Each structure stands twice: as C-alpha cells, then as structure tokens.
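Below you'll find the structure, written out as structure tokens, and then a few comments.
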Amino acid sequence: MSTEQVLNRALGAYLGFACGDALGATVEFMTPKQIQKRYGVHQDIIGGGWLGLEAGQVTDDTQMSLAIGQAIIDHQGWNIQAVADNFVAWLESDPPDIGNTCRRGIMRYRDSGELFGLPRDDDAGNGACMRNLPVVLATLNRLDYFNEWSLQQSHITHNNPLSNAATLTLGHIVNHLINGHDMAACIQEAERLISQYSEFSYNPYSGKASGYIVDTVQTVLHYFFGTDSFESCLIATVNQGGDADTTGALVGMLAGAKYGVQQIPERWLTQLDQQLVAQIRQQTTGLIRLAGLL
Ligand SMILES: [Mg+2]
C-alpha cells in the first residue's frame, strides 16, 4: 500500500468528517419528517439550523478534533495536558455549540486541574467519540498507543463504558479502512462491539439518531454499511435528523476513509470554510508523518 493511498484515505476521513458536520448541522434536532417537509432531501451545505451557521461553518465536533490534533502536532506526540488546555482555550473562544458533558468536564479541568472525571452513568453522550480522529491518524501504526490515548482524551469529559467502547471501535474501523483492509475486518469490529454491549446492535435499525452514543453508533453503522458511495452515505445519514452534525461527521469520517478524498463532492469541499480545509490538510499530513507513514 502506497503512502499516497494512506494520505488519500486519511484526508478523505478528516475532510469527510468536516463535510458531514457542516452538512448535518443544518438539520440538527429535526425529525426526518420535518426535514422532508422543509428541504425535500437535504443535500447541500447551506448553513442555518438552530445554531444559525454560515454555509461551510463547522461545529464542536470538528473544532474539538482540531484541538486534539493541534496538541499532538505541537508536542510531536501525546501530551494529555496540552489536549485539555486546548479544550479550555476552545471553550473560552465562545464556540457556536458545546455539549453539556463536554462543558462540565472542561470546566472541572480548568478549575481543579483534574484531568479525568469519575465514571458516570450519564456520560454516555457521543462527545468523546466524535473528536477522536486525530488520535486514529497519529497512531495508524501503533494500536497500543491508540487505545491509551483515546481513553485519556475521552475521560477528560466522558467516563462511561459505552462511550469508551464506541470510541475504540470506530477508531479501529477507521484504522482498518485507511490501512486498506477489507469490509469484513470492519464488520468484525462492529460485531465485537455488539457482542460486548448488545445495545449497539443496529439491525433492525431503530431510526433513533440522538446524541446518546448508542443511537449515534447505530445510525452511523447502519448507513455506513448500507450505502455504496460517499455522497449517498452522508445524505442518508443526515436526513435521519437528530444529532445530525455528529452522525454526519462520524459517517463522513468512515466513508471518507473508505472511498478516499476524491469521492467527496466538489460542491461540498468548495463550500467548506477554506481556512478550515487548509488546517485539516496540514494536520492530516502532520499526524500521518508522526505515525511514521510519510
Ligand atoms: Mg456539533
């Protein structure tokens, strides 16, 4: 497998993630019926939504990912304090959106210096899982590091077995995809998760697409395994509504890793904030290099 292919899939994952975030934010918290009534099929990055975004603007999913990616690049390796400090800086930058669990964890760190929250049953939102792509990229060749770094960054805000398991599983799937492994390897990861926690079973699909990590992962896996192109995968996912920016981002990450950056529709890439695109390209190269693959 060539370096070029790895970079192509890694870029596909990160830019696909941002596209899904920007596309899905428009219809976040809407039901499929409301979306259909208002947009027919929602398929363009037009901004708006409850956050009143500019077209091409992204939300906390992409911003928190960039915060982690930048900490890794700045320190040429893992520095959990730097990750937490970047979260604080981001919180203080008055972001368009921040989840309650994320806010609580970041404020605990800011006020006490405590990096990890105690395990909580109500920490099963998707906020830790959604921001883990930079860790996947930096550890493409080092899965032992992947598990450790992923759980550390997660536990700044989310300390819950369902969140932990989902974060690791989606990361393992992206690792397989970028490394060019087949779909059987990806399905096996999903099945391993379901054998551990049967609530993640997505067949038959319940149609629930909320920010609860179980609903999020079911939606992402259902549409990722059930579609055959980058574009159809993202459109189907975000039209399910609910936490559509996060389901869109996560499915965009998987589909981008599978199909490669050239399958991302040009109209989406050009609509994204171009400073953001440049930052994502730069981080992707830096993280892949750190993984020893460039
Ligand atoms: Mg968001």
**Message:** Let me cross-check Trp50: its accessible surface, 1.4 Å probe, with only protein heavy atoms counted, in Å² to the nearest 10?
**Reply:** 140
**Item:** Whole-angstrom Cα spans of the range 228-271 along principal axes, big to small
**Value:** 28, 22, 15
**Prompt:** Ranked from highest to lowest mean number of other Cβ atoms within 10 Å per residue, what is the order of the peptides 249-257, 77-85?
**Reply:** 249-257, 77-85
**Asked** Which shape class applies to the range 134-226: rounded if a/c is under 1.5, otherwise prolate when a/b exceeds b/c and oblate if not, where a ≥ b ≥ c are the square roots of the Cα gyration tensor eigenvalues?
**Response** oblate
**Request:** Can you pull a Stokes-Einstein diffusion coefficient for the chain at 25 °C (0.890 mPa s), Rh from Kirkwood over Cα pairs, as a whole number of µm²/s?
**Result:** 133
**Request:** Work out the charge dipole of the range 149-259 with +1 on the Cβ of Lys and Arg and -1 on the Cβ of Asp and Glu about the Cα centre, then indicate which of Leu221, Leu162, Thr237 is farthest towards its positive end.
**Result:** Leu162
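Sort Asp245, Asp97, Asp144 by accessible area with a 1.4 Å probe, largest first. Intermediate values should be presented prior to the final figure.
Details: Asp245 0, Asp97 25, Asp144 105 Å².
If we order Asp245, Asp97, Asp144 from most to least accessible, we get Asp144, Asp97, Asp245.
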**Request:** Order Tyr14, Tyr197, Tyr145, most accessible first, counting only protein heavy atoms with a 1.4 angstrom probe.
**Result:** Tyr145, Tyr197, Tyr14
**Prompt:** Tell me, which longest segment in the chain has none of the trypsin sites (Lys or Arg not before Pro) that fall in DSSP loops with at most 15 further Cβ atoms within 10 Å?
**Reply:** 1-119
**Request:** Sort Ser112, Ser2 from largest to smallest accessible area, using a 1.4 Å probe on the heavy atoms of the protein chains.
**Result:** Ser112, Ser2
**Asked** Roughly how many Å² of Glu199 are accessible to a 1.4 Å probe, to the nearest 10?
**Response** 80
**Asked** To two decimal places, what compactness ratio does the range 157-294 give when its Cα radius of gyration is scaled by 2.2 N^0.38 Å?
**Response** 1.06
**Asked** How big is the shadow of the Cα convex hull of the range 7-113, averaged over all directions, in nm²?
**Response** 8.1
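Could you pull out every whole DSSP H run in the chain that spans at least 27 Å of Cα extent along its own axis and averages -0.5 or higher on the Kyte-Doolittle scale? Mind showing how you got there, number by number?
On the way: long enough: 3-25 (33 Å, 0.50).
Span-like helices here: 3-25.
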**Message:** Give the separation of the Cα centroids, the range 133-196 to the range 19-87, in Å.
**Reply:** 20
**Message:** Need one value: the accessible area of Thr219 in square angstrom, 1.4 angstrom probe, rounded to the nearest 10.
**Reply:** 0
**Asked** Per-residue ellipticity at 222 nm for the chain, helices alone: DSSP H runs ≥ 4 residues times -39500 (n - 2.57), over residue total, nearest 500 deg cm²/dmol?
**Response** -20000 deg cm²/dmol
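With the Cα gyration tensor of the range 80-195 in hand, convert its eigenvalues to equivalent ellipsoid semi-axes via √(5λ) and list them largest first in whole Å.
Those come to 27, 15, 12 Å.
The values are calculated or read from the model by the stated rules, or taken from the named source; none is laboratory data. On a predicted model such as this, the values are computed, not experimentally measured, just so you know. Cβ sites come from the backbone with ideal geometry, for glycine too, and all protein chains shown count toward neighbours. Heavy atoms of the whole protein, side chains included, go into the accessibility calculation; ligands, DNA and RNA do not. Shrake-Rupley method; radii C 1.70, N 1.55, O 1.52, S 1.80 Å.
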